[in-house]
Amino acid sequence: MASIRGIVAARRRGSRREEGRKWALPASVMSAPIRPPQFTSHRRLLEQKLSELHKCSDPRFLLQIHSQIFRLCLHRDQFVAPKLVAAYSLCRRPFAAAAAFDLVHFPNSLLFNTLIRAFANNSLPSLSFLAFSRMQRSDIPADSYTYSFLLKSFSGHLRLVEIIHAHILKLGFLPDIFVPNSLLDSYSKAGETGLGASCKVFEEMPLRDVVSWNTMVAALVRAGQLKNARQMFDEMPRRDIVTWNIMLDGHAKAGELDEGFDLFHQMPERNVVSWSTVISGFCLRGDMETARMLFDKMPVKNLVTWTIMASGYAKRGFFKEASALLDKMEETRLNPDSTAIVSILTACSESGLLGLGKRMHATAKKLKLIGTMQINNSLVDLYSKCGEVEEAWSIFKKMKVRDLVSWNSMIQGLAMNGHGGRALKLFSRMKDEGVAPDAVTFIGVLCACTHMGFVDDARTFFSSMEKDYGVLPEIEHYGCLVDLLGRRGILTEAYELAKTMPFEANAIIWGSLLNACRVHGDVGMAEKVVCELTIAEALDAGNYAIVSNIYASARRWDGMAEARLKMKDSGEERPSGASWIELDDSVHEFTAGYRLHPQTDRILKMLDRLGNHLKQLGCLAESC
DNA sequence: ATAGGGTTAG
């Protein structure tokens with residue numbers, strides 16, 4: 001397909017450079033030789049392909065057909081060019097779409113709209129806007145399509161959506177149902193205020209179609225207002241399969257699987273999305289058996305279904321099942337896309353399935369999906385969470401583009417693997433590179449301080465959050481600080497902070513303070529914390545266990561006995577803590593309080609030896 | 001224009 005002579009010829013012939021060309025043509029497109037349109041029979045052959053072109057989502061097929069278009073010199077054709085742009089957009093190649101756009105000398109509204117949509121659908125909002133302003137400058141009239149695509153680009157940005165809204169009102173595009181429907185969706189993704197605006201638009205709409213209703217139901221589901229969503233669902237004049245799927249998902253995500261399953265059975269028809277949504281609900285609940293039963297039963301599966309099932313297994317640490325499923329998926333010759341890879345990698349990092357994560361890393365390499373930021377971000381997270389910080393670091397180091405998430409993941413990764421100093425250094429490098437930290441960044445930074453025992457630095461960072469970066473401390477940040485003070489034995493100040501902070505301290509915070517009391521043997525403070533935990537109704541068996549421990553260390557047998565009794569009384573059987581490690585392709589499980597592992601005796605003996613060794617070295621085996 | 005899988009957070 002590619003020929004050097006062709007490239008040279010194309011360069012010579014096309015030496016007249018278009019004004020204002022912004023985007024470079026990809027090499028693969030340039031390699032298609034240009035010939036005058038002499039093969040009319042080819043044209044007819046192409047016609048069928050062309051009519052399907054805008055729906056083409058296979059990049060290889062698209063390249064092939066683009067080459068033919070090029071040879072026939074059809075790429076500037078006013079009917080062909082928009083289809084090319086749309087197809088590249090569908091294949092997630094927005095820059096190739098832009099290049100195809102750029103070859104047209106006099107783009108019309110349709111072509112501009114298609115380009116704006118290409119950027120909107122590939123999350124490049126600023127380029128969407130750039131295309132729009134180019135359109136304005138070239139005096140190409142914007143129409144209702146233009147505005148609905150722009151709205152999609154700016155979806156979730158209240159201010160921008162308001163501006164577009166004003167334009168729409170001024171230009172009178174509201175009667176076209178596509179426009180207010182886009183408005184509904186874009187507003188509804190802009191937080192609480194946006195949802196309010198969305199409702200207002202909805203109420204003022206003289207005509208509503210199913211999509212308008214669906215968008216509102218979806219908005220309410222997203223906002224967690226399930227009751228309202230359900231009410232709207234019940235009141236709707238007409239429902240289509242999308243409506244049912246939205247409501248199904250709402251129930252599934254809220255953990256109301258009984259209602260969801262009822263809905264699933266009531267639906268007049270079911271498609272892949274309906275099945276996948278219920279399966280996802282069962283995975284969320286951890287009922288992998290039902291999920292699998294439905295998975296095997298459903299008539300048609302697609303990539304999303306496979307991804308839900310595989311990451312469901314991985315999230316629960318089911319290494320064997322997840323691997324087997326991925327093997328089966330490979331047999332069906334279905335390749336994961338970057339979303340699938342990210343999804344499974346994330347599941348692996350949550351459950352610590354390093355082996356499976358490595359397999360997905362290899363798959364990503366094989367499918368040439370490795371360069372994307374999202375995948376790199378989840379790899380950094382995977383390796384950090386699984387204790388392989390240096391691997392995470394080498395991936396982070398090699399990344400050409402990094403976003404806030406990349407920095408946050410790496411800072412967090414270093415911090416939790418005991419490299420607090422490196423984490424703080426990375427934080428200052430992040431600032432040097434002009435990346436603004438957010439609330440998550442400071443969780444990592446404070447976590448780094450905790451690992452290093454840097455009380456003063458933590459205080460400084462904490463107070464600079466709002467002052468220097470405009471990041472409001474959330475309850476988690478106070479929690480970090482309480483935890484750090486507690487670990488360092490500054491119990492009174494930790495307690496005072498927990499009492500006086502602008503949030504009601506929760507069970508996690510009091511729990512961490514209680515544990516600090518145990519470590520530092522402060523019975524008095526422990527009793528105060530127990531009071532708080534009682535008020536918060538958060539005294540569970542785990543906390544009683546700590547209390548009993550504290551009394552035991554202080555030789556207060558009465559207190560210990562009482563705590564033991566309450567521990568038994570509190571009754572509710574908490575699932576005991578467990579951990580897994582992978583060793584030579586098998587997973588070893590350890591459960592607190594049970595001697596499940598066949599080599600428990602040897603392991604405990606070794607732990608004992610290590611503990612003694614640590615004590616001799618002056619490290620407190622029981623601390624932190 | 002609306003629906004299912006996605007990166008950081010004790």
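Quick check on chain A: helices-only [θ] at 222 nm, where DSSP H runs of length 4 and up contribute -39,500 (n - 2.57) each and the sum goes over total residues. Nearest 500, please. Walk me through the numbers on the way to the answer.
Values: 35 runs with 430 residues, N = 624.
Rounded to the nearest 500, it is -21500 deg cm²/dmol.
Can you tell me, using C-alpha contacts under 8 Å and at least 6 residues apart, the relative contact order of chain A as a whole percent?
Numbers: 811 pairs, mean separation 26.9, N = 624.
Result for chain A is 4 percent.
If r is the Cβ-Cβ distance from A:GLN231 to A:ASN271 and R0 is 25 Å, what FRET efficiency results, to the nearest 0.05?
On the way: r = 25 Å, r/R0 = 1.00.
Plugging the Cβ-Cβ distance into 1/(1 + (r/R0)^6) gives 0.50.
Students often get this wrong, so check it: of A:LYS358/A:LYS397; A:LYS297/A:LYS385; A:LYS328/A:LYS397; A:LYS385/A:LYS425; A:LYS328/A:LYS358; A:LYS528/A:LYS568, which have C-alpha atoms separated by over 25 Å?
Violating the 25 Å Cα-Cα cut-off are A:LYS297/A:LYS385; A:LYS328/A:LYS397.
Between the helical axis of A:241-253 and the dominant principal axis of chain A, each derived from Cα atoms, what acute angle in degrees is found, rounded to the nearest 10?
For A:241-253 against chain A, the angle is about 20 degrees.
If R0 is 22 Å, what FRET efficiency do you get for A:ARG564 and A:ASP540 from their C-beta distance, rounded to 0.05? List each step's numbers first, then the result.
Details: r = 14 Å, r/R0 = 0.64.
The pair A:ARG564/A:ASP540 has a calculated efficiency of 0.95.
Can you give the longest stretch of chain A with no exposed loop site, where a site means trypsin sites (Lys or Arg not before Pro) in a DSSP loop (not H, G, I, E or B) with at most 10 other C-beta atoms within 10 Å?
A:56-237
Which ordering of A:HIS451, A:HIS66 is given by a fewest-first count of other beta-carbon atoms within 10 Å? The partial results should precede the final answer.
Values: A:HIS451 20, A:HIS66 24.
Ordered from fewest to most neighbouring Cβ atoms within 10 Å, A:HIS451, A:HIS66 come out as A:HIS451, A:HIS66.
Show which lysines lie in cross-link reach of A:LYS227 when reach means a straight Cα distance below 25 angstrom and same-chain residues fewer than eight apart are skipped.
A:LYS189, A:LYS200, A:LYS253
Please compute, for the alpha-carbon atoms of chain A, the extent along each of the three principal axes and give them in descending order in Å.
Per principal axis, max minus min of the Cα coordinates gives 97, 58, 55 Å.
Compute the Rg/Rh shape ratio of the stretch A:398-495: radius of gyration over Kirkwood radius, all on alpha-carbon atoms.
Numbers: Rg = 13.1 Å, Rh = 13.4 Å.
Dividing the radius of gyration by the Kirkwood radius yields 0.97.
For the pairs A:LYS368/A:LYS400; A:LYS315/A:LYS365; A:LYS320/A:LYS365, note any where the Cα-Cα span goes beyond 25 Å. Please list the in-between numbers first.
Values: A:LYS368/A:LYS400 16 Å; A:LYS315/A:LYS365 22 Å; A:LYS320/A:LYS365 22 Å.
Over 25 Å apart, Cα to Cα: no pair at all.
Between the stretch A:509-568 and the stretch A:153-204, what is the separation of their alpha carbon centroids in Å?
Between the Cα centres of the stretch A:509-568 and the stretch A:153-204 lies a distance of 53 Å.
Compute the angle between helix A:373-385 and the longest alpha-carbon principal axis of chain A, please, reported from 0 to 90 degrees and rounded to the nearest 10.
For A:373-385 against chain A, the angle is about 10 degrees.
Points 7 angstrom from Cα along the Cβ direction at A:ASP139 and A:THR591: gap in nanometres?
For A:ASP139 paired with A:THR591, the spin-label model returns 7.8 nm.
Would you mind estimating how fast the stretch A:275-385 diffuses translationally, via Stokes-Einstein at 20 °C and 1.002 mPa s with the Kirkwood radius over Cα pairs, in µm²/s?
Working: Rh = 13.7 Å.
The Stokes-Einstein estimate is 156 µm²/s.
Which three extents, in whole angstrom, do the alpha-carbon atoms of the stretch A:325-406 cover along their principal axes, largest first?
Per principal axis, max minus min of the Cα coordinates gives 36, 24, 17 Å.
With each label point set 7 Å from Cα along the Cα-Cβ vector, what nm distance links A:MET373 and A:SER463?
Simple spin-label model gives 3.5 nm for this pair.
Under a plain spin-label model, where a point goes 7 Å from the Cα along Cα-to-Cβ, how far apart in nm are A:LYS400 and A:MET293?
That separation, rounded to one decimal, is 5.0 nm.
Just to confirm my numbers, what's the Cα centroid distance between the stretch A:264-284 and the stretch A:415-463 in Å?
Here the two parts' Cα centres lie 43 Å apart.
Output needed for the stretch A:310-350: three equivalent-ellipsoid semi-axes, defined as square roots of 5 times the C-alpha gyration tensor eigenvalues, in descending order, whole Å. Don't skip to the end; give the middle numbers.
Values: eigenvalues 55, 35, 5 Å².
Semi-axes from the Cα gyration tensor: 17, 13, 5 Å.
Using Cα atoms only, what is the angle between the long axis of helix A:4-13 and the major principal axis of chain A, expressed in degrees (0 to 90) to the nearest 10?
60 degrees
Every read-out reported here was derived from the displayed coordinates using simple, explicitly stated rules and does not represent laboratory data. Just so we're clear, the structure is a prediction, and the values are computed from it rather than from any experiment. Glycine also receives a Cβ, built like all others from the backbone with ideal geometry; neighbour counts cover every protein chain displayed.
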